[in-house]
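K.L.:
Structure below; questions to follow.
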Amino acid sequence: MNGIAGAQSALQVEVGEAEMNQRVRNAVPSSRGWRARAAVVGSMAVAATLCLAITPAQADGGGGGWVTSPPGGYTPDPGPDWSTPEAVGKFLADCGQDCTFTPTSWVGEPSEGTPTMLGKPRENCTTENVDFNYGESETTGETTIVGLSLGANPVSLLPKIEHNWFTQNTESTQTTGTLKPGEVGWFDEVTVSRKAKGNWQLAGVDPSNPFAPVNAHNKYGPHEFTDVESDISYKVIRVQSRAMTEDERTTKCGNSSPS
């Protein structure tokens, strides 16, 4: 009996040790399982870190930007100063091709500069009227705008200009003339200055072109400035003539009277 009892005790010890080893294996994961659990724990830690990095504004649906107030140091664009004619003139002075100037009326009388003779004088020593002309290769035949200023602000870049109004309301360039018998004639060029009132149209950025250039002017357009006074300088070519003197008749025509 004692031998049988000893064998049973030994068997129980072995079974107990086997159960204990199994429990230990269940409690201590394999290397693969350990790595998987570590990865899960690491992902949870990263997610927690990301959650902590989200600002209250972002969490409120702001999409990452400021929602109710700008960040420190941000200054909104106040826009240009158009409160006075002087301020408008300063803004338009370098508007260039972003603006179109359409005159509507003259203000005051024109002032002429010193004329410059073009080419050489022509004498009519005949008894008939004589036509003469200034070569088309030397002139465009149109009034030429050479200067524009807005008060104390010279226009550094000329805007687009409505020339139809100038054609109808200025002394047009002349390239042909008629000399009577005994006259001497010539063409000259003179700069005329005059104040005009008109409208300036500021173009905006082209909404149909996503690559349209934006500058310090068109980003505030479209906008129209009405009744703006501008000082305009333009050049015209004119026909001039006068009667020849007795000396000129003798010198140019070979006698004292047209023949």
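The values are calculated or read from the model by the stated rules, or taken from the named source; none is laboratory data. Just so it is clear, the model here is predicted, and its values are computed rather than measured. All Cβ positions, even for glycine, are placed from backbone atoms using ideal geometry, and neighbour counts span all protein chains on display. Accessible surface areas use protein heavy atoms only, side chains included; no ligands, DNA or RNA. Shrake-Rupley method; radii C 1.70, N 1.55, O 1.52, S 1.80 Å.
K.L.:
Please tell me if residue 171 is farther than 21 Å from residue 115 by Cα, open to solvent by 60 Å² or more (accessible area, probe 1.4 Å) and acidic (Asp, Glu).
P.N.:
In short, no.
K.L.:
Scan segment 103-134 residue by residue and report those that are hydroxyl-bearing (Ser, Thr, Tyr), over 18 Å from residue 252 (Cα atoms) and open to solvent by 50 Å² or more (accessible area, probe 1.4 Å). Break it down into steps so the answer makes sense when it comes.
P.N.:
Of segment 103-134, the ones hydroxyl-bearing (Ser, Thr, Tyr) are 104-105, 111, 114, 116, 126-127, 134.
Subset that is over 18 Å from residue 252 (Cα atoms): 104-105, 111, 114, 116, 134.
Hits for segment 103-134 are 104, 111, 114, 116.
K.L.:
If I ask for residues that are in contact with a Lys or Arg (Cβ under 9 Å, 6 or more places away or on another chain), farther than 16 Å from residue 91 by Cβ and either part of a loop (DSSP other than H, G, I, E, B) or not aromatic (Phe, Trp, Tyr) (or both), which ones from segment 178-206 would you list?
P.N.:
Selection gives 179, 182, 183, 184, 185, 188, 189, 190, 191, 192, 205.
K.L.:
Residue check, residue 156 against (1) closer than 19 Å to residue 228 by Cβ; (2) at pLDDT below 85; (3) among the hydroxyl-bearing types (Ser, Thr, Tyr), all met but one. Which one?
P.N.:
Going through (1) closer than 19 Å to residue 228 by Cβ; (2) at pLDDT below 85; (3) among the hydroxyl-bearing types (Ser, Thr, Tyr) one by one, residue 156 breaks only (2).
K.L.:
Determine which member of the set 82, 165 is surrounded by 15 or more Cβ atoms within 10 Å (Cβ to Cβ) and either modelled with pLDDT under 90 or in a loop (DSSP other than H, G, I, E, B) (or both).
P.N.:
It is 165.
K.L.:
Do we have residue 199 as open to solvent by 30 Å² or more (accessible area, probe 1.4 Å), under 18 Å from residue 107 (Cα atoms) and not aromatic (Phe, Trp, Tyr) here?
P.N.:
Yes; evaluated as a whole, the condition is true for this residue.
K.L.:
Quick check on residue 225: is it open to solvent by 50 Å² or more (accessible area, probe 1.4 Å), aromatic (Phe, Trp, Tyr) and modelled with pLDDT of 90 or more?
P.N.:
So residue 225 does not fit the description; no.
K.L.:
Anything in segment 228-259 that is in a strand (DSSP E or B) and open to solvent by 80 Å² or more (accessible area, probe 1.4 Å)? List them, or say none.
P.N.:
229, 242
K.L.:
Now for a separate question. Whether any residue in segment 204-211 is touching a residue at least 60 places away in the same chain (Cβ under 8 Å) and either at negative phi or open to solvent by 70 Å² or more (accessible area, probe 1.4 Å) (or both) is what I want to check. Lay out the reasoning, then the answer.
P.N.:
The first filter runs over segment 204-211 and keeps only residues touching a residue at least 60 places away in the same chain (Cβ under 8 Å), leaving none.
No: segment 204-211 contains no residue that is touching a residue at least 60 places away in the same chain (Cβ under 8 Å) and either at negative phi or open to solvent by 70 Å² or more (accessible area, probe 1.4 Å) (or both).
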